[in-house]
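Undergrad: Have a look at this one before I ask anything.
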Amino acid sequence: MSSLVLKGVGKRFGGLQAVTPFDMEIARGKITGLIGPNGAGKTTVVNLITGVYKLSSGSIKFGTIDLTEAPRHEVARAGLARTFQTIRLLPDATVVANVMIGMYRHQKASLVSQLFGLPSSRAETRRFRDEVYHLLDRFGMTKYADYPAGALSYGDQRRVEMMRALALQPEVLLLDEPVAGINEIEAAKLGEIFRKLATEGQGMAVLLIEHNMRFVTSLCDYVYVLDSGILISEGSAEKVVNDPVVVKAYLGDDEDA
């Protein structure tokens with residue numbers, strides 16, 4: 001199974017080294033964690049993977065596909081999808097409409113077919129709606145199908161964003177703080193969904209960026225830790241959370257007090 005492989009990936013903004021070159025592998029069938037204090041460079045890494053930022057060094061490959069210079073639309077076409085640290089929905093559009101946006105990667109009906117409502121376009125739209133409702137059911141959101149997304153609670157808006165990413169039917173799912181602002185019970189339910197995504201069928205490659213350490217240790221098969229853009233530790237979740245270097249990065253020590 002293909003993995004998303006970062007080799008010597010780094011990013012410099014002018015004189016600032018935001019991410020010091022490092023290697024990372026996001027394997028299919030597993031949940032990989034990327035953690036670190038605020039400002040560690042985690043979201044910058046996701047922006048590099050998804051083509052929002054250009055690399056200053058290194059390469060990114062998904063199997064045989066070279067994504068090093070790929071723009072965002074080519075990254076999505078290759079099978080990568082992401083959620084954002086800050087929710088980005090169409091607040092006045094319904095939940096169904098917001099999730100349906102994620103289906104564009106699979107659209108095959110021609111523009112003419114869509115404009116004139118030809119049978120091929122109508123059939124495709126019905127299929128897309130069926131798949132969207134399957135996602136709504138999976139996330140326990142069916143009752144909100146026709147609600148404006150902006151009228152939902154913060155946690156439910158998070159779910160809509162996740163469903164929109166999954167509507168792409170990605171092979172790699174990049175989750176940027178997916179349980180921020182969500183209580184432990186709801187977070188646990190989402191964790192079960194993420195684990196199934198990684199292990200069912202061919203299995204997705206899942207990258208999880210998260211500050212909730214209990215959530216990370218319960219889910220992640222392998223964890224990378226950044227601090228000020230530098231990789232300071234990697235290994236099993238149990239190993240990294242007990243690494244003195246990681247503990248110091250999060251909590252400081254007596255000399256920092």
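The values are calculated or read from the model by the stated rules, or taken from the named source; none is laboratory data. Note that the coordinates shown come from a computational prediction; the quantities given were computed from them, not determined experimentally. Because the Cβ atoms are built from the backbone with ideal geometry, glycine has one as well, and the counts that use them run over all protein chains shown. SASA here: full protein model, heavy atoms, side chains in, ligands and nucleic acids out. Shrake-Rupley method; radii C 1.70, N 1.55, O 1.52, S 1.80 Å.
Undergrad: Mind listing whichever residues of segment 130-159 are closer than 14 Å to ILE193 by Cβ and in contact (Cβ under 8 Å) with a residue 60 or more places away in the chain?
TA: Hit for segment 130-159 is ARG158, nothing else.
Undergrad: Name the residue that is nearest to VAL206 (Cα to Cα), counting only residues in segment 1-48 that are open to solvent by 50 Å² or more (accessible area, probe 1.4 Å) and among the charged types (D, E, K, R).
TA: By that ranking, first place goes to LYS30.
Undergrad: Let me ask something else about it. Taking segment 194-233 on its own, how many of its residues are in a strand (DSSP E or B) and buried (at least 22 other Cβ atoms within 10 Å of the Cβ)?
TA: Residues that pass the stated criteria total 9.
Undergrad: Ok, one more. Looking only at residues that are charged (D, E, K, R) and open to solvent by 70 Å² or more (accessible area, probe 1.4 Å) in segment 129-149, which one is nearest to the chain's Cα centre (by Cα)?
TA: Once the filter is applied, the top-ranked residue is ARG138.
Undergrad: Next question, about the same structure. Can you tell me which residues in segment 150-170 are open to solvent by less than 60 Å² (accessible area, probe 1.4 Å), assigned to a helix (DSSP H, G or I) and farther than 17 Å from GLN85 by Cα? Step through it out loud before you land on a result.
TA: We begin by selecting, within segment 150-170, every residue open to solvent by less than 60 Å² (accessible area, probe 1.4 Å); these are 150, 152, 155-168, 170.
Now narrow it down to the ones that are assigned to a helix (DSSP H, G or I): 150, 155-167.
Selection gives ALA167 alone.
Here's the yes/no breakdown for (1) out of contact with any strand residue (DSSP E or B) (no Cβ under 6 Å at 6 or more places or on another chain); (2) over 18 Å from GLU161 (Cβ atoms):
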| residue | (1), (2) |
| --- | --- |
| ASP176 | no, no |
| GLU186 | yes, no |
| GLY191 | yes, no |
| GLY201 | yes, yes |
| MET204 | no, no |
| LEU207 | no, no |
| CYS220 | no, yes |
| VAL223 | no, yes |
| SER233 | no, yes |
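Undergrad: Also: Looking at VAL179 and the list (1) touching a helix residue (DSSP H, G or I) at 6+ places or on another chain (Cβ under 7 Å); (2) part of a loop (DSSP other than H, G, I, E, B); (3) closer than 23 Å to ALA97 by Cβ, which single condition is not satisfied?
TA: Every listed condition holds for VAL179 apart from (3).
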